[in-house]
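Participant: The structure's right below; bear with me while I get my questions together.
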Amino acid sequence: MHFEKPEEGWEIYSSAQDADGKCICTVVAPAQNMCNRDPRSRQLRQLMEKVQNISQSMEVLDLRTYRDLQYVRNTESLMKVVDGKLKVASENPRSLNPKGFQELKDKVTQLLPLLPVLEQYKTDAKMILRLREEVRNLSLVLMAIQEEMGAYDYEELRQRVLLLETRLHSCMQKLGCGKLTGVSNPITVRASGSRFGSWMTDTMIPSSDNRVWSMDGYFKGRRVLEYRTMNDFMKGQNFVQHLLPHPWAGTGHVVYNGSLYYNKYQSNIIIKYHFRSRSVLVQRSLSGAGYNNTFPYSWGGSSDIDLMADENGLWAVYTTIPNAGNIVISRLEPQSLEVLQTWDTGFPKRSAGESFMICGTLYVTNSHLAGAKIYFAYYTNTSSYEYTDIPFHNQYSHISMMDYNPRERVLYTWNNGHQVLYNVTLFQVIKTSGD
């Protein structure tokens, strides 16, 4: 689904996604002091549609929880069967030889950790019922508004939306890593700045930091704008300015645990700049890495060194002359910027439009222009790769930055002067102890 920018007099409260990232719902409502008995029947119909989207999300979450609950119930039955056999063997040791007895006992021990998982899914199933009831209540409120066309308690509605978002994100955080299988339609958050740039929120998990940072341009920039919240960024208000002591190159910046990591202009030096103290904590050369448009992405823009973060930590994506221009991945230690481990993907960097990390896997697009798709995946956990075919809509036809945020499970992109989000679908496999 695709959400356009709200009409005048309306504002977006929040966006929420279900636990495995299969859909996203954006909730909008009239801005304060805009409703005083103003008959906006069309806008009310649109708001009703948004509530229906939330209901659909609840249904997806409900179905998935039911599926997972069936799984753990099956596991529970298996455990009871094995446990019963163990009790029989314990009561009559002669019925089982020592080796078989030990194997059966080991199997039961392996199954015991699944008990708290079962209890958690039972709790989640109850929470789904509460969420569905909450949505029904919200629908009734909106139906009453539609009938009366009068003023209503703006703050109460806002608090209900925030509560729904919190509960949805609580579900989302209970699931771990997975393999990328799909990208949603783009969600345009704002149109600002030049054709090239970078914007981001903190990628550290967990984090309560809601600030948004924007860095316009790729060449010799030093000005970083810091917004208090995403809503402030959308409106272009409530921001402060950081003037970096050293200019940046490219758009491959990342904010991780309150610090900005970026490539210093005309060098392969990585700088860690701490926002609170407004100071450089550390800087270090990325040995052998090309810079100054030696090995950029296909769009150029001094994009030689791309810094990013995922569930596994901080990464640098670049290339060197010895690697013949192929993409190199290095995992970095966030405090010292020391390289912990490096992989050679074998994929030519100049043929890549952009790249991003999810769960230790590097995903590479084949172009920065219209018609681009996610074409290549390199798995650092197995040092293996595969070619993929995951399409996404490049709405404004020139992507100069694409990074994944593991805290929010979305892709941040800068597309031809537009700041755009993509929701992602991750395929997760629950393995049993026998796998």
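The values are calculated or read from the model by the stated rules, or taken from the named source; none is laboratory data. Here the structure is a predicted model, which means the values were calculated and not measured. Cβ: placed from backbone, ideal geometry, glycine included. Neighbour counts: every protein chain shown. Only protein heavy atoms, including side chains, enter the accessible area calculation; ligands, DNA and RNA are left aside. Shrake-Rupley method; radii C 1.70, N 1.55, O 1.52, S 1.80 Å.
Participant: Could you list, in sequence order, all residues of region 310-354 that are closer than 21 Å to PHE392 by Cα, touching a Ser or Thr at 6+ places or on another chain (Cβ under 8 Å) and either part of a strand (DSSP E or B) or open to solvent by less than 30 Å² (accessible area, probe 1.4 Å) (or both)?
Facilitator: ASP310, LYS349, ALA352, GLY353, GLU354
Participant: Is it true that SER397 is touching a residue at least 24 places away in the same chain (Cβ under 8 Å) and among the polar types (S, T, N, Q)?
Facilitator: Answer is yes for this residue.
Participant: Looking at ARG284, ARG276, which one is surrounded by fewer than 19 Cβ atoms within 10 Å (Cβ to Cβ) and within 14 Å of ASN257 (Cβ to Cβ)?
Facilitator: That would be ARG276, the only listed residue that is surrounded by fewer than 19 Cβ atoms within 10 Å (Cβ to Cβ) and within 14 Å of ASN257 (Cβ to Cβ).
Participant: Name the residues in region 195-221 that are surrounded by 21 or more Cβ atoms within 10 Å (Cβ to Cβ), assigned to a loop (DSSP other than H, G, I, E, B) and not β-branched (Val, Ile, Thr), would you?
Facilitator: If the condition is that a residue be surrounded by 21 or more Cβ atoms within 10 Å (Cβ to Cβ), assigned to a loop (DSSP other than H, G, I, E, B) and not β-branched (Val, Ile, Thr), then PHE196, ASP202, TYR218 are the ones that fit.
Participant: Still on this structure, please answer the following. Can you tell me which of (1) under 21 Å from THR203 (Cα atoms); (2) assigned to a loop (DSSP other than H, G, I, E, B); (3) open to solvent by 40 Å² or more (accessible area, probe 1.4 Å); (4) touching a strand residue (DSSP E or B) at 6+ places or on another chain (Cβ under 7 Å) is the one SER303 doesn't meet?
Facilitator: In the conditions (1) under 21 Å from THR203 (Cα atoms); (2) assigned to a loop (DSSP other than H, G, I, E, B); (3) open to solvent by 40 Å² or more (accessible area, probe 1.4 Å); (4) touching a strand residue (DSSP E or B) at 6+ places or on another chain (Cβ under 7 Å), SER303 misses (3) alone.
Participant: Within region 237-256, which residues are at pLDDT 95 or above and outside any strand (DSSP E or B)? Steps first, answer last, please.
Facilitator: Filtering region 237-256 for residues at pLDDT 95 or above gives 239-256.
Scanning region 237-256 gives GLY250, THR251, GLY252, HIS253.
Participant: For region 244-258, what are the residues that are of a type in the set (Ser, Thr, Tyr) and surrounded by fewer than 24 Cβ atoms within 10 Å (Cβ to Cβ)?
Facilitator: Residue satisfying the conditions is TYR256 alone.
Participant: Check whether at least one residue in region 301-311 is in contact (Cβ under 8 Å) with a residue 60 or more places away in the chain, more than 27 Å from CYS177 (Cβ to Cβ) and of a type in the set (A, V, I, L, M, F, W, C), and report yes or no.
Facilitator: no
Participant: Let me ask you something else. Before we move on, is TYR396 at pLDDT 95 or above and among the hydroxyl-bearing types (Ser, Thr, Tyr)?
Facilitator: no
Participant: Let me ask something else. Evaluate the following for LYS179: is it more than 20 Å from ASP306 (Cα to Cα) and surrounded by fewer than 18 Cβ atoms within 10 Å (Cβ to Cβ)?
Facilitator: So LYS179 passes the test.
Participant: Among residues belonging to region 378-409 that are more than 16 Å from the chain's Cα centre (by Cα) and of a type in the set (Asp, Glu), point out the one that is least open to solvent (accessible area, probe 1.4 Å).
Facilitator: Restricting attention to region 378-409, the residues satisfying the condition of being more than 16 Å from the chain's Cα centre (by Cα) are 378-391, 393-400.
Subset that is of a type in the set (Asp, Glu): 386, 389.
Numbers: GLU386: 60, ASP389: 105 Å².
Ranking the qualifying residues of region 378-409, first place goes to GLU386.
Participant: Checking the structure you have, find out if any residue of region 278-286 is in a loop (DSSP other than H, G, I, E, B) and more than 21 Å from PHE347 (Cβ to Cβ).
Facilitator: yes
Participant: As an exercise: evaluate THR203 against (1) under 19 Å from the mean Cα position of the chain (by Cα); (2) modelled with pLDDT under 90 and give the number of the one condition it does not meet.
Facilitator: (2)
Participant: Among the listed residues TYR227, TYR261, identify the single one that is over 13 Å from GLY197 (Cβ atoms), in contact with a helix residue (DSSP H, G or I) (Cβ under 9 Å, 6 or more places away or on another chain), crowded, with 22+ Cβ neighbours inside 10 Å and at pLDDT 95 or above.
Facilitator: TYR227
Participant: What is the residue count in region 355-377 for residues that are farther than 18 Å from ASP304 by Cα, without any contact (Cβ under 8 Å) to a residue 60 or more places away in the chain and open to solvent by less than 10 Å² (accessible area, probe 1.4 Å)?
Facilitator: Adding up the residues that qualify gives 2.
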